[in-house]
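**Q** Mind looking over this structure? Questions follow.
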Amino acid sequence: MMWNSDKSITLSLVCTKIVIVLVILFAGLMTFVHFSEDNRLKSLIIGMGNRFDTVFFLVFIYVCCAIALVALFFLHKILSRIRVGNVFVEENVQALRKISWLCFAVTSVLVTGGLYVGGYDFLLVGLMAAFVGLILRVVKNVFAAAVEIKMENDYTV
């Protein structure tokens, strides 16, 4: 039983679905923690002490989770198209563009939150999200060039 690209794509699709469920569960856990009366649980889960209000933290988590879910949706669409053989198509280029912009959106949320609470950890994760966004822009440009080459080859007799 050899490993092949179809199994790899299937694994990626399954992992994407698992991460979608985990993001939803994480947002639910944060809601539970927010409405919990146990302050020890809040400080254990949130781990921020008194640096900022838990309402702000909850809004912060919801915004980041919503952006993540949209990005995961586009990733799932890309993987589904690749599975059926549609690799270098304009839809994948558009989806990669949207995912990269979503990474930059997460960056702005994290940097804003980091500046608000004075947390360097938020700033560091925000910079990592910006780096991923930049890498995705490069991959998007490679895909766009491949789509152009594919279209030229399709029209060449």
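**Q** Restricting the search to the stretch 96-152, which residues are of a type in the set (A, V, I, L, M, F, W, C), touching a residue at least 40 places away in the same chain (Cβ under 8 Å) and either more than 18 Å from I82 (Cβ to Cβ) or not in a helix (DSSP H, G or I) (or both)?
**A** The answer is V106, V109, L110, V117.
**Q** Tell me which residues, restricted to the stretch 16-36, are small (G, A, S) and either over 18 Å from the mean Cα position of the chain (by Cα) or over 14 Å from I67 (Cα atoms) (or both). Before you say what the answer is, go through the steps one by one.
**A** Step one: filter the stretch 16-36 for residues small (G, A, S), giving 27-28, 36.
Selection gives G28, S36.
**Q** Closer than 27 Å to S5 by Cβ and surrounded by fewer than 16 Cβ atoms within 10 Å (Cβ to Cβ), is that true of M128?
**A** Working: closer than 27 Å to S5 by Cβ: no; surrounded by fewer than 16 Cβ atoms within 10 Å (Cβ to Cβ): yes.
So M128 does not fit the description; no.
**Q** Does F122 fit the bill of being closer than 30 Å to L58 by Cβ and exposed (fewer than 13 other Cβ atoms within 10 Å of the Cβ)?
**A** Numbers: closer than 30 Å to L58 by Cβ: yes; exposed (fewer than 13 other Cβ atoms within 10 Å of the Cβ): no.
No.
**Q** When you look at K77, is it within 21 Å of C15 (Cα to Cα) and either touching an Asp or Glu at 6+ places or on another chain (Cβ under 9 Å) or of a type in the set (A, V, I, L, M, F, W, C) (or both), yes or no? Working first, answer last.
**A** Details: within 21 Å of C15 (Cα to Cα): yes; either touching an Asp or Glu at 6+ places or on another chain (Cβ under 9 Å) or of a type in the set (A, V, I, L, M, F, W, C) (or both): yes.
Criteria met by K77.
**Q** Exactly one of these conditions fails for V33: (1) at pLDDT 95 or above; (2) buried (at least 16 other Cβ atoms within 10 Å of the Cβ); (3) not basic (K, R). Give me its number.
**A** Among (1) at pLDDT 95 or above; (2) buried (at least 16 other Cβ atoms within 10 Å of the Cβ); (3) not basic (K, R), V33 violates only (1).
**Q** Tell me the residue from V93, V55, V106, V89 that is out of contact with any Leu (no Cβ under 9 Å at 6 or more places or on another chain) and either at pLDDT below 95 or charged (D, E, K, R) (or both), please.
**A** Going through V93, V55, V106, V89 in turn, just one is out of contact with any Leu (no Cβ under 9 Å at 6 or more places or on another chain) and either at pLDDT below 95 or charged (D, E, K, R) (or both): V55.
**Q** Show the residue pairs that are 6+ apart or on different chains and have beta-carbon atoms under 7 Å apart, the first residue being within the stretch 77-92 and within 13 Å of A146 (Cβ to Cβ), the second being part of a helix (DSSP H, G or I) and among the small types (G, A, S).
**A** What qualifies is F88/A146.
**Q** Taking the condition at pLDDT 75 or above, in contact with a Leu (Cβ under 7 Å, 6 or more places away or on another chain), crowded, with 17+ Cβ neighbours inside 10 Å and under 21 Å from S108 (Cα atoms), does A71 pass?
**A** Details: at pLDDT 75 or above: yes; in contact with a Leu (Cβ under 7 Å, 6 or more places away or on another chain): yes; crowded, with 17+ Cβ neighbours inside 10 Å: yes; under 21 Å from S108 (Cα atoms): yes.
Answer is yes for this residue.
The values are calculated or read from the model by the stated rules, or taken from the named source; none is laboratory data. In this text, all values refer to a predicted model and were calculated from it rather than measured experimentally. So basically every Cβ, Gly included, is an ideal-geometry build from the backbone, and we count neighbours across all protein chains shown.
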